[in-house]
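> Sharing a structure with you now.
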Amino acid sequence: MKNFEQLGVKKEFIKGLVDLKIVNPSEIQLAVIPLLINSKTDLIGQAQTGTGKTAAYGLPLLHQIDPKRNQIQGLILCPTRELGQQIAKQLFKFTKYSEQIFTESVYGGEPIDKQISALSRPTHIIVATPGRLIDLVNRNVVDLSCVKTVVLDEADEMLSMGFQKELDEILGFLTTVENKWLFSATMPEAINLMIKKHISFGAPHITINSKNVVNKDITHQFSVCDESEKFYLLLQFLKSEHKNRGMIFCKTKVMAQTLSKQLIAKNILTDALHGDLLQKERDKVMRAFKNESLQILVATDIAARGIDIDGLSYVVHYQLPDKEEYYTHRSGRTARAGKKGISFSLVTPKEKKTLKFFERALSIDFLQIR
């Protein structure tokens, strides 16, 4: 297997990778990095979450930046504040031993004046959620006229969150762009339409684990039960996991809030993440989960978009999602960075056919444990 030096990555970036204990390139990194470092090209990359996509596009992007030019040269678009902050943090760590490349993360739900002030400093790369970026461009605070590369990270999530109009607008005014790199875990029809509209014809399409969009390190389990038995079975499952940490997914805000309260009543360190939370409340919950003062996070699908926390042992589908891409995204919260994980579904007898559909659509096998 090739190492990062053989892929063409500069020695100073490799030192940053070693500090992060990233030594062997992942599949997506092996396939994408040499291509993006050595040529100007559009690219479509399909790989599930947790496979090292940030380094796959981040390292080639850093190679293109001229630190001496105080201009925004790279743009990364992503669905959520959490993912944006995480990407900016990783790029900062990659450049620990190189000439300084400045990255700013901008997103909604935070006072815009604070971000405008941060952007008055030298900035080479912006990581942005689409709505906030348009706001900043309209205020003439951000100049994208020198951007040569734009990355769409978690493109399927951005579309499912309703950002299509914003993405079309942003890509429409990036006239000087030489490279458009789109990364997505799934390829729903809306993504294919976006590719036709914005990505050059014949651009390389690199797919990792196309037959297994869901990470192969995840074990898929299920129990069949009536609605009234779900909570009891959930407690049994959590007991079997001892002190391990994980996420539980619900389809509705009401269910997420209710379940969180029920678990707290059983002295399980839990909180809920859902669409009704203010940004500061959401940040507080995420801080508590990241610093491990919470054992479990109960979340709705939209609220959990872009969350990346290492070391989660399991995901529970307390309410089964309607679409296979939601199942993929939920399950992708566990078994990250080469670790193993469990994706456990509590299903009613009627929902067994949905599991059969997921098995066929995602090429996975479910193991019944009750």
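The values are calculated or read from the model by the stated rules, or taken from the named source; none is laboratory data. No experiment lies behind these values; they were computed from the predicted model shown. FYI the Cβ positions are ideal-geometry reconstructions off the backbone, even for glycines, and counts take in every protein chain you see.
> Check residue 192 against each of (1) more than 23 Å from residue 56 (Cβ to Cβ); (2) in a helix (DSSP H, G or I) and name the one condition it does not meet.
In the conditions (1) more than 23 Å from residue 56 (Cβ to Cβ); (2) in a helix (DSSP H, G or I), residue 192 misses (1) alone.
> Filter the strands (runs of 3 or more DSSP E) completely within segment 294-358 down to those with at least 1 residues that are within 22 Å of residue 154 (Cα to Cα), among the aromatic types (Phe, Trp, Tyr) and not assigned by TED's automatic domain parsing to the domain that holds residue 82.
Working: elements: 296-300, 314-317, 341-347.
Those strands (runs of 3 or more DSSP E) span 314-317.
> Given the residues 117, 98, 105, which is the only one that is surrounded by fewer than 14 Cβ atoms within 10 Å (Cβ to Cβ) and at pLDDT 95 or above? Give the steps one after another, and end with the answer.
Details: 98 fails: surrounded by fewer than 14 Cβ atoms within 10 Å (Cβ to Cβ); 105 fails: surrounded by fewer than 14 Cβ atoms within 10 Å (Cβ to Cβ).
Step by step, each of 117, 98, 105 is checked, and only 117 is surrounded by fewer than 14 Cβ atoms within 10 Å (Cβ to Cβ) and at pLDDT 95 or above.
> Can you tell me how many residues in segment 337-351 are at positive phi and among the charged types (D, E, K, R)?
Qualifying residue count for the region: 0.
> Identify, please: which residue in segment 284-329 is at positive phi and in contact (Cβ under 8 Å) with a residue 60 or more places away in the chain and is, among those, farthest from the chain's Cα centre (by Cα)?
311
> Looking only at segment 147-168, filter to residues that are among the aliphatic types (A, V, I, L, M) and part of a loop (DSSP other than H, G, I, E, B); which one of those is farthest from residue 191 (Cα to Cα)?
If we take residues in segment 147-168 being among the aliphatic types (A, V, I, L, M) and part of a loop (DSSP other than H, G, I, E, B), then 147 is farthest from residue 191 (Cα to Cα).
> I've got another one for you. Determine whether residue 66 is in a loop (DSSP other than H, G, I, E, B), more than 22 Å from residue 215 (Cα to Cα), at pLDDT 95 or above and not aliphatic (A, V, I, L, M). Steps first, answer last, please.
Values: in a loop (DSSP other than H, G, I, E, B): yes; more than 22 Å from residue 215 (Cα to Cα): yes; at pLDDT 95 or above: yes; not aliphatic (A, V, I, L, M): yes.
In short, yes.
> If you check residue 132 against the conditions, is it charged (D, E, K, R), surrounded by fewer than 18 Cβ atoms within 10 Å (Cβ to Cβ), in the same structural domain as residue 51 (by TED's automatic domain parsing) and without any contact (Cβ under 8 Å) to a residue 40 or more places away in the chain?
Considered against the rule, which asks whether it is charged (D, E, K, R), surrounded by fewer than 18 Cβ atoms within 10 Å (Cβ to Cβ), in the same structural domain as residue 51 (by TED's automatic domain parsing) and without any contact (Cβ under 8 Å) to a residue 40 or more places away in the chain, residue 132 comes out as no.
> Continuing with this model, one more query. Could you tell me which numbered condition residue 198 fails, if it satisfies all but one of (1) of a type outside the set (S, T, N, Q); (2) surrounded by fewer than 12 Cβ atoms within 10 Å (Cβ to Cβ); (3) more than 26 Å from residue 250 (Cα to Cα)?
The number of the failed condition is (2).
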